[in-house]
Amino acid sequence: MDIPVYLIAGFLDAGKTNFINGVLQDGFAREDRTLLICCEEGEEEYYPNVLSNVFTTTVEDFEELTPAYFKKLEKMYKPQQVIIEYNGMWNIEKLYRELLPANWILYQIMTLVDARTFEMYAKNMGQLMMEKIMAADMLIFNRCNAELRAALRSRNLRMVNRRADIYLENEDGTSEEYVTEDMAPFDLSSGHLDVPDEDYGVWYVDMMDAPQRYNGLTVKFKAIMCHSKKYKGVHCPGRFAMVCCEDDMQFLALVCKGEGLEKFKDRAWVEITATVKKEFDRAYEAEGPVLYVSEIHPCEKPKEEVVSF
């Protein structure tokens, strides 16, 4: 039987326990037997009245987390779902790639961050912090005020994780989405945009997040040609981006259509002029920006080949 796993990540005092208490109080574990694995002991405690159908166990060392240990817990508690409150100092990728049993299916990673200490952790423990932000399906910054909200938005964290739903939880208990309508990073009023080489990443993330903003717009940009191996006849030029460190390279590709694209070899630098159309494409498996190319020609590579955030 497949067992869904919900992974709650974040550093100490990020609000993980309070978040789990809230989830459980909302009836998350009212019907299904739930195993709660706590990998970190903070100041907050779990509410006793929400634990009637929840079985808790504590793990103190990362080395305890093995497939055999998880299967032992499964046999002991027979859970229908698992919540893991994860230690922020532990590597997260190894857990979900190597340690979870095959029938423990990772459904969602939720990363919580104390907005007041985010800059400190990002500066001193950047790789650990960014790993959890990059892996998240939901990202929550709590204890926000106006100054912290502005600082977080100025970082444009959508460039780090374009997939996650990002929320800002305020000190007064209200919540708001991270992305706002007025976060457009470019002036698009002329109907044409020459994408600065150094801003390719900013443009890419914004266009993928809000393709309707660019629908009908003409753009000009430099990219590395790429011909999809998965989708025959699909051309997807883009740029390599370093999200956190050299081990976290991603290729930010865009679907392009037009005459003559196949003449350019993979990894050739090209300058493209195209009109953006928001439409469904199989390569995106959803609606997204499809670029209809009117001009393409070889070009010199930018001064900085790799996009950094």
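Residues that are of a type in the set (Phe, Trp, Tyr) and part of a helix (DSSP H, G or I) within the stretch 6-30 comprise just one, Phe19.
Residues to consider are Arg158, Arg163, Arg153; find the one that is closer than 26 Å to Ile3 by Cα, at pLDDT below 95 and not hydrophobic (A, V, I, L, M, F, W, C). Before you say what the answer is, go through the steps one by one.
Values: Arg158 fails: closer than 26 Å to Ile3 by Cα; Arg153 fails: closer than 26 Å to Ile3 by Cα.
Sole residue among the options that is closer than 26 Å to Ile3 by Cα, at pLDDT below 95 and not hydrophobic (A, V, I, L, M, F, W, C): Arg163.
If you go through the stretch 174-196 and keep only what is open to solvent by 90 Å² or more (accessible area, probe 1.4 Å) and either touching a Cys at 6+ places or on another chain (Cβ under 6 Å) or over 24 Å from Ser294 (Cβ atoms) (or both), you end up with Glu177, Glu181, Asp182. Quick check on my filter: what residues within the stretch 166-185 are at pLDDT 90 or above, closer than 20 Å to Ile133 by Cβ and either β-branched (Val, Ile, Thr) or assigned to a helix (DSSP H, G or I) (or both)? The one that is at pLDDT 90 or above, closer than 20 Å to Ile133 by Cβ and either β-branched (Val, Ile, Thr) or assigned to a helix (DSSP H, G or I) (or both): Ile166.
Matching residues to (1) more than 30 Å from Cys144 (Cα to Cα); (2) touching a Lys or Arg at 6+ places or on another chain (Cβ under 7 Å); (3) not aliphatic (A, V, I, L, M):
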| site | (1), (2), (3) |
| --- | --- |
| Glu74 | yes, no, yes |
| Ile83 | no, no, no |
| Glu98 | yes, no, yes |
| Tyr121 | no, no, yes |
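Contact annotation: residue pairs with Cβ atoms under 7 Å, 6 or more positions apart or on different chains, pairing a residue in the stretch 226-245 that is closer than 15 Å to Ala268 by Cβ with a partner that is open to solvent by 60 Å² or more (accessible area, probe 1.4 Å) and at pLDDT below 90, are Phe240/Met249.
Tell me, which residue of the stretch 286-309 that is touching a helix residue (DSSP H, G or I) at 6+ places or on another chain (Cβ under 8 Å), part of a loop (DSSP other than H, G, I, E, B) and open to solvent by 40 Å² or more (accessible area, probe 1.4 Å) is nearest to Leu252 (Cα to Cα)? Looking at the filtered set, the residue picked out is Phe309.
Condition check ((1) touching a helix residue (DSSP H, G or I) at 6+ places or on another chain (Cβ under 9 Å); (2) among the basic types (Lys, Arg)) across all residues:
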| position | (1), (2) |
| --- | --- |
| Leu188 | yes, no |
| Asp199 | no, no |
| Asp206 | yes, no |
| Ala210 | yes, no |
| Asn215 | no, no |
| Val219 | yes, no |
| Lys229 | no, yes |
| Lys232 | no, yes |
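Based on this model, can you work out whether Ala283 counts as open to solvent by less than 40 Å² (accessible area, probe 1.4 Å), small (Gly, Ala, Ser) and in a strand (DSSP E or B)? No; evaluated as a whole, the condition is false for this residue.
Has the stretch 69-81 got any residue that is open to solvent by less than 50 Å² (accessible area, probe 1.4 Å), out of contact with any helix residue (DSSP H, G or I) (no Cβ under 7 Å at 6 or more places or on another chain) and under 15 Å from Lys16 (Cβ atoms)? No, the stretch 69-81 has no match at all.
Assess whether Leu7 counts as being within 24 Å of Ile140 (Cα to Cα), touching a residue at least 24 places away in the same chain (Cβ under 8 Å), surrounded by 18 or more Cβ atoms within 10 Å (Cβ to Cβ) and in contact with a Pro (Cβ under 6 Å, 6 or more places away or on another chain). Considered against the rule, which asks whether it is within 24 Å of Ile140 (Cα to Cα), touching a residue at least 24 places away in the same chain (Cβ under 8 Å), surrounded by 18 or more Cβ atoms within 10 Å (Cβ to Cβ) and in contact with a Pro (Cβ under 6 Å, 6 or more places away or on another chain), Leu7 comes out as no. Has the stretch 218-239 got at least one residue that is under 24 Å from the mean Cα position of the chain (by Cα), surrounded by 12 or more Cβ atoms within 10 Å (Cβ to Cβ), within 30 Å of Leu112 (Cβ to Cβ) and modelled with pLDDT under 95? Scanning the stretch 218-239, I find no residue that is under 24 Å from the mean Cα position of the chain (by Cα), surrounded by 12 or more Cβ atoms within 10 Å (Cβ to Cβ), within 30 Å of Leu112 (Cβ to Cβ) and modelled with pLDDT under 95, so the answer is no.
Here are Arg158, Arg162: which of them is over 21 Å from Glu40 (Cβ atoms), surrounded by 19 or more Cβ atoms within 10 Å (Cβ to Cβ) and touching a residue at least 40 places away in the same chain (Cβ under 8 Å)? So the residue among Arg158, Arg162 that is over 21 Å from Glu40 (Cβ atoms), surrounded by 19 or more Cβ atoms within 10 Å (Cβ to Cβ) and touching a residue at least 40 places away in the same chain (Cβ under 8 Å) is Arg158. Just one of (1) open to solvent by 60 Å² or more (accessible area, probe 1.4 Å); (2) under 21 Å from the mean Cα position of the chain (by Cα) trips up Arg33, so point out which. Result: Arg33 fails condition (2) only. The single condition among (1) touching a helix residue (DSSP H, G or I) at 6+ places or on another chain (Cβ under 9 Å); (2) part of a helix (DSSP H, G or I); (3) surrounded by 20 or more Cβ atoms within 10 Å (Cβ to Cβ) that Asn142 does not meet is (2). Only residues that are in contact with a Leu (Cβ under 6 Å, 6 or more places away or on another chain) and either open to solvent by 40 Å² or more (accessible area, probe 1.4 Å) or in a helix (DSSP H, G or I) (or both) were counted across the stretch 82-121, and they come to 2. Taking the listed residues Leu188, Leu193, the one that is closer than 26 Å to Phe280 by Cβ, of a type outside the set (Lys, Arg), assigned to a loop (DSSP other than H, G, I, E, B) and more than 24 Å from the chain's Cα centre (by Cα) is Leu188, with no other qualifying.
The values are calculated or read from the model by the stated rules, or taken from the named source; none is laboratory data. Since this is a predicted model, take the numbers as computed values, not measurements. Glycine gets a Cβ as well: all are built from the backbone with ideal geometry, and neighbour counts include every protein chain shown. What goes into the accessible areas is simple: the full protein's heavy atoms, side chains included, and nothing from ligands, DNA or RNA. Shrake-Rupley method; radii C 1.70, N 1.55, O 1.52, S 1.80 Å.
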